[in-house]
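Quick notes on the structure that follows.
Derivation of every value follows stated rules applied to the coordinates shown; laboratory data play no part. Predicted model, so just to flag it, every value in this text is computed and none were measured. Cβ placement follows ideal geometry from the backbone for every residue including glycine, while neighbour counts extend to all protein chains displayed.
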Amino acid sequence: MLLEEEAAFFRDVRPWGFILFGRNVQSPDQVRALTEALRATVDRPDAPVLIDQEGGRVQRLGPPHWRKYPPGRAYGQLPANDPLLRREITRLGARLLAHDLAGLGINVDCLPVLDVPQAGAHDVIGDRAYGATPGEVAGLGRAACEGLIAGGVLPVIKHIPGHGRAMADSHLDLPVVEAIYADLDARDFAPFRVMSDMPMAMTAHVVYEAVDPRRPATTSRKAITQVVRGAIGFDGLLMTDDLSMKALRGDLTSRARSSLAAGCDVVLHCNGGLEEMKAVLAGTRPLVGRSAQRAKAALARLAKAPEPFDVEEGRARFDAAFEGRFA
């Protein structure tokens, strides 16, 4: 339910988009009404409504109203002599996710995770990753993006330029990665380079000492200019990960200001508290110039109509592929 004080704030501020969490979802009818109400406050029928619907540990919509989906790693572990089968099922899973989301008015999914896990790193990524190599991650990440876009939902590649080596959970602390640049470029950055044509990306709150030993990528102009826009070549809309996460330092106003100054196009705040939203707003600026162009280009990737799809046949094929393989 959208409170009147929240609706008034959104009408006044006119944010570019919104993000939903488990606390915001109760039933299909309720979510549809909420997405409609949110868009009405900004008077934009295509305003982005985001959600983290990966499957596995990160799934905001779940039983009894929505299906459970497997984590990314499960796709990469499907028994198959032909890797194209894994790609087919990954695309199918994302197409089913898109069907679920589009029917609720949600048009952006913060998926796929393109982080390449490193042995001994924190398990905040863990089974959310599609595989253990850049090639596996990039190949299945591409398939997931294709499935979402076919279903009328935009993907957000994350966490650019790579969270897989982090020894800490950036929700709780600031991870510092000590790897040399050549290793980062060959492994961590590689899937994002392959997927640099995607419309949106989400930053990693991670310090890469070889790039900028003082600031995490989200607030580092060096990381964004030299790596995200440079070595990786991503020129889509760049959003921060949640500004509320404890990896970032300073108050919310300074976090927002620092992120935009570093080169992020938009900032993401997920706690939902009105006073916190006002603090974030104080550190932002109007969406203009190159950032506005990127935002417009991202939304232009939304199909006018979803790809024809037999949902029941797709679900049956998906279930058969994973029979007995995840709970």
Largest first and rounded to whole Å, the semi-axes √(5λ) derived from the alpha carbon gyration tensor of the stretch 4-321 read 27, 26, 17
extent check for the stretch 166-305: Cα max minus min per principal axis, descending, whole Å, gives 40, 38, 26
The ratio Rg/Rh over the Cα atoms of the stretch 92-235, Rh being the Kirkwood inverse mean 1/r radius, stands at 0.98
PRE zone check, label point 7 Å out along Cα-to-Cβ of residue 44, amide N under 15 Å, scope the stretch 295-314, hits 295-302
quick shape note, the stretch 253-298: Cα extents on principal axes in Å, largest first -> 30, 19, 14
Computed Rg/Rh for the stretch 1-147 (Cα atoms; Rh = Kirkwood radius) stands at 1.04
One would report the Cα pair-distance distribution of the stretch 61-121, bin width 10 Å, in %, as 17, 45, 29, 8
Diffing the stretch 92-101: the Karplus 3J(HN,Hα) column from phi (6.51, -1.76, 1.60, θ = phi - 60°), in whole Hz with x for Gly and Pro, holds 4, x, 5, 5, 5, 4, 4, 4, 4, 6
Neighbours of residue 117 by Cβ distance under 13 Å: Lys/Arg at +1, Asp/Glu at -1, summed charge -1
Other residues with Cβ under 10 Å from the Cβ of residue 105 give, with Lys and Arg +1 and Asp and Glu -1, a net charge of +1
Listing 246, 222 by rising number of other beta-carbon atoms within 10 angstrom, fewest first, gives 246, 222
To the nearest 20 debye, the stretch 4-321 has a Cα-centred charge dipole, built from +1 on Lys and Arg Cβ and -1 on Asp and Glu Cβ, of 620 debye
Here the Kirkwood hydrodynamic radius of the stretch 114-173, Cα-based and in Å, equals 12.2 Å
Looking only at lysines whose Cα falls under 25 Å of residue 246's and that sit 8 or more positions away or on another chain, we get 158, 222, 278
